[in-house]
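One structure is given below, encoded as structure tokens.
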């Protein structure tokens, strides 16, 4: 089960119920899309109870973010108290042998481990860790933004259809920052921005002098190509040119300078709104 499955439904319980309809005898539910202990596990228990009434035996749950040890302990107690002592708990999220050993040493009640990038990728040929999260769905012709909520602030996703703008010093090809905006926004002058890094101490800023160039171009409309796809050599040439426009200090392999990435207040407000709605 992917977070995108859960986000694609109006609420988490419905997503779990639909999954159980497809996999009644192999129902392992991903419980950390919104809140593991307040939402995910209670909804999983409801679905497991229905499955048991209909003669099926649920498999268990998966936790993919947060303090896995503490969340697993809380989930284990809730599952046991509800009569699902045989339900398994699986952990995932960039696990390797050291993380697994640490989890076991801490007494995490885990039955399975989902190991991915650290198993298939050599440390001498490192992986660029990336994940797919649903940002929006089209329902009855209307775009509905979606969000993945986590106990870790830095793992909150940015909802809605977006455009990324690269900001340049006026009249030059010298980039100094990127701004993530909703696709229907226009950039103001001066432009209020918020640092996308949730751990930054001074997040709100104002930018006055800049040239903005959009970085994203629509390539697909449904299954129809809207633009000619470049060959690999054209992509390589473009990537090298873009690197020349970014400050050299940000490209150091050791102690690189920060390249600022901001988001617009409208996007930040939408994110906070969806987080608040999920907490209700």
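Side notes on the structure shown:
- Against the main long axis of the alpha-carbon atoms of the chain, helix 41-53 sits at an angle near 40°.
- Nearest-0.05 FRET efficiency for residue 128 and residue 153, computed from C-beta distance (R0 25 Å): 0.70
- For the chain, the longest principal axis of the Cα atoms and the long axis of helix 12-22 meet at an angle of about 70 degrees.
- The shape of segment 3-120 can be summarised by an equivalent ellipsoid whose semi-axes, obtained from the alpha carbon gyration tensor, come to 23, 16, 13 Å from longest to shortest.
- Across all directions, the shadow cast by the convex hull of segment 57-162 built on its C-alpha atoms averages 9.8 square nanometres.
- Extension gain (nm, one decimal) between residue 70 and residue 52, 0.36 nm per residue minus Cα-Cα: 3.8 nm
- Cα-projected label distance for residue 11 with residue 97, points at 7 Å along beta-carbon direction, nm: 4.6 nm
- Extension gain from residue 88 to residue 142, taking 0.36 nm per residue of separation minus the Cα-Cα distance: 15.6 nm
- Percent RCO, i.e. relative contact order, over segment 3-120, from Cα pairs under 8 Å lying at least 6 residues apart: 21 percent
- Placing a label point 7 Å from the Cα of residue 226 along the Cα-to-Cβ direction, the residues of segment 131-174 with a backbone N closer than 13 Å are 161-163.
- Relative frequency of Cα-Cα separations exceeding 14 Å in segment 148-216, percent: 65 percent
- Label positions at residue 240 and residue 211, each projected 7 Å from the Cα along the C-beta direction, are separated by 2.3 nm.
- Diffusion coefficient, µm² s⁻¹, Stokes-Einstein with Kirkwood Rh over alpha-carbon pairs of segment 211-280 at 10 °C and 1.306 mPa s: 97 µm²/s
- Estimated inter-spin distance, residue 38 and residue 22, nm [label 7 Å along Cα→Cβ]: 2.8 nm
- Note on the chain: Kirkwood radius taken over Cα pairs, Stokes-Einstein applied at 37 °C and 0.692 mPa s, translational D equal to 151 µm² s⁻¹.
- Length gained when the stretch residue 121-residue 189 is fully extended (0.36 nm per residue, less Cα-Cα span): 20.0 nm
- Acute angle (nearest 10 degrees) that the helix 232-245 long axis makes with the longest principal axis of the chain, alpha-carbon atoms: 70 degrees
- Along each principal axis, Cα extent of segment 161-279, largest first, Å: 46, 41, 30
- As a rough guide to protection, the peptides 65-74, 236-245 ranked by mean Cβ packing within 10 Å, highest first, stand as 65-74, 236-245.
- Centre-to-centre separation between the Cα atoms of segment 1-27 and those of segment 143-180: 29 Å.
Read the figures in this text as sums done on the coordinates, not as results from a lab. The model shown is predicted, which means the values in this text are computed figures rather than measured ones. Positions of Cβ are backbone-derived with ideal geometry, glycine not excepted, and every protein chain shown enters the neighbour counts.
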